[in-house]
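Note sheet for the following structure.
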Amino acid sequence: MDLKSLVRTIPDYPKPGIMFRDVTTLMADAQGFKATIARLCEPYRTEPVDLVAGIEARGFILAGAMADRLGCGFVPVRKKGKLPWKTIQQEYALEYGTDTVEMHVDALSHGKRVLLVDDLIATGGTAGAAVKLIRRLGGEILGAAFIVDLPELGGAKLIEAEGIKVHALMAFEGH
């Protein structure tokens with residue numbers, strides 16, 4: 001199945017010159033979504049995964065389905081102010097300014113084996129911040145999985161420089 005053909009490209013969104021890669025069309029296709037989850041899970045099928053950490057918001061959808069498929073738990077990595085209990089925070093750089101992601105302080109315990117998941121890796125800022133949170137809580141990151149990689153923006157290389165293997169189902173040139 002050609003999953004790449006199910007990803008919609010929206011030109012000039014959110015600003016001129018950007019080619020937005022919309023995976024909601026892929027997720028809306030029943031067979032496409034099923035194949036996506038299977039392909040994202042494949043490298044980790046025989047790995048001892050304790051938790052799948054999904055980055056808000058589309059990463060939640062993927063991570064929940066992957067956790068079910070892999071027979072493990074799910075942990076959310078959320079934007080600041082969205083979690084109801086005690087959190088740890090990690091700030092990261094955006095093109096213009098900064099943002100912050102959080103996890104509950106008890107989201108995982110020392111030594112838990114974690115798979116990090118999001119829909120797309122671009123500059124790697126959000127994923128890099130999630131890596132720092134997981135490591136601060138004592139988690140061991142088994143890998144990072146994404147539907148789409150935008151290689152020109154260097155995010156996958158940033159994550160790999162942290163010693164984490166990146167698994168992406170497809171790449172799109174440009175950004």
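The values are calculated or read from the model by the stated rules, or taken from the named source; none is laboratory data. Since the structure is predicted, the reported quantities are computational estimates derived from the model, not experimental observations. So basically every Cβ, Gly included, is an ideal-geometry build from the backbone, and we count neighbours across all protein chains shown.
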Quiz item: Name the residues in segment 43-59 that are under 13 Å from Ile147 (Cα atoms) and surrounded by fewer than 24 Cβ atoms within 10 Å (Cβ to Cβ), would you?
Solution: Arg58
Quiz prompt | Residues of segment 30-60 satisfying the condition of being free of Cβ contacts under 8 Å to residues at least 40 places away in the same chain and assigned to a loop (DSSP other than H, G, I, E, B) | solution = Arg45, Thr46, Ala57
Quiz item: Within segment 85-95, is even one residue among the acidic types (Asp, Glu) and modelled with pLDDT under 95?
Solution: yes
Quiz item: Taking strands (runs of 3 or more DSSP E) that do not extend beyond segment 61-169, which have at least 1 residues that are without any contact (Cβ under 8 Å) to a residue 24 or more places away in the chain and closer than 25 Å to Lys34 by Cβ?
Solution: 73-79
Quiz prompt | Which listed residue is touching a helix residue (DSSP H, G or I) at 6+ places or on another chain (Cβ under 8 Å) and modelled with pLDDT of 95 or more, from Asp68, Asp22, Asp29, Asp50 | solution = Asp29
Quiz item: Exactly one of (1) modelled with pLDDT of 95 or more; (2) under 26 Å from Gln90 (Cα atoms) is unmet by Pro14. Its number?
Solution: (1)
Quiz item: Only one of these conditions is not met by Lys15: (1) closer than 24 Å to Leu153 by Cα; (2) among the basic types (Lys, Arg); (3) surrounded by 13 or more Cβ atoms within 10 Å (Cβ to Cβ). Which number is it?
Solution: (3)
